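Please read the structure below before turning to the comments.
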Amino acid sequence: MSQSLWNFSLAAYANKAVQDECLALQDEFGLDVNLILLCSYLGAVHGVTLTAEETASARDVVRQWHDDIVRPLRVARRSLKPIERQDAQRLRAQIKAAELESERIEQTMLQQWADARLAQWRRGEARAAVPTNLQALLAASGIERLTAETAMSHIIAGALGAAQLR
């Protein structure tokens, strides 16, 4: 099975500005970082432009996994952060590893969703596709007061940079 989404995500997320922007969007609006990375990947690597309906479809594929597994692990990890006990910090590290693995599994689900549709999608220019896909994700999430170009400028630049590393 292809791990190209995961590899792309690791490369893009290595950029601190991309991390900060993704986490701000996650914390403020509840966006799934893996969906942000999927939209970025499909645009930057494949030149695919998604509709709001397609981003909603991708979200539906992983919604239960994200809500039942990923999000609770994140909450547990964050809850343990201020506890200075050494055993609590060991537990936090274990939960962090489990959270990362749950994110990888979610991305595998998204990769399968994308691979099943890749042949039917029209391809365009990556510079236009990335912000269009991120705007579609915002629209599918009911966040219409933001524009991808302003709220996600580092993500867009990081995605295009990560695609060039491939």
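Quick note: the coordinates plus some simple rules give every number you see, no bench work behind them. The structure displayed is predicted, hence computed values, not measured ones. Note that each Cβ is placed from the backbone with ideal geometry, even for glycine, and that neighbours are counted across all protein chains shown.
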**Request:** Mind listing the long-range amide H neighbours of Val48? Cut-off is under 5 Å, sequence gap 5 or more, other chains count too, H placed in the peptide plane at 1.01 Å from N.
**Result:** Gly43, Gly124
**Prompt:** Summing -39500 (n - 2.57) over the DSSP H runs of n ≥ 4 in the chain and dividing by its residue number, what mean residue ellipticity at 222 nm do you reach, to the nearest 500 deg cm²/dmol?
**Reply:** -24500 deg cm²/dmol
**Prompt:** Fewest first, what order do Val18, Val33 take by the number of other Cβ atoms within 10 Å?
**Reply:** Val33, Val18
**Message:** Give me, ordered by chain and number, the residues 5 or more places off Gln3 or on other chains with an amide H under 5 Å from its own placed amide H.
**Reply:** none
**Request:** Could you size up the charge dipole of the chain around its Cα centre, putting +1 on the beta carbon of Lys and Arg and -1 on that of Asp and Glu, and report it in debye to the nearest 20?
**Result:** 380 debye
**Prompt:** Could you give the angle, 0 to 90 degrees to the nearest 10, between helix 153-165's Cα long axis and the longest principal axis of the Cα atoms of the chain?
**Reply:** 80 degrees
**Request:** Select from Val130, Gln107, Val61 the residue farthest towards the positive end of the dipole of the chain; place +1 on Cβ of Lys and Arg, -1 on Cβ of Asp and Glu, and compute about the Cα centre.
**Result:** Gln107
**Request:** With N denoting the number of residues in the chain, provide Rg(C-alpha) divided by 2.2 N^0.38 Å, to two decimal places.
**Result:** 1.03
**Item:** 3J(HN,Hα) from dihedral phi, the range 24-38, Karplus parametrisation 6.51/-1.76/1.60, rounded to Hz, x for glycine, proline
**Value:** 5, 5, 5, 6, 7, 10, x, 5, 7, 4, 5, 6, 4, 5, 4
**Request:** Write down the Kirkwood hydrodynamic radius of the range 71-166, to one decimal in angstroms, obtained as one divided by the mean of 1/r over all alpha carbon pairs.
**Result:** 16.4 Å
**Prompt:** Ranked highest first by the average count of other Cβ atoms within 10 Å around their residues, in what order do 38-51, 114-127 fall?
**Reply:** 38-51, 114-127
**Prompt:** Which FRET efficiency, nearest 0.05, do Glu125 and Gln89 yield, Cβ-Cβ r, R0 45 Å?
**Reply:** 0.45
**Request:** May I ask you to derive the relative contact order of the range 4-165, considering only C-alpha pairs under 8 Å and at least 6 residues apart, and to give it as an integer percent?
**Result:** 42 percent
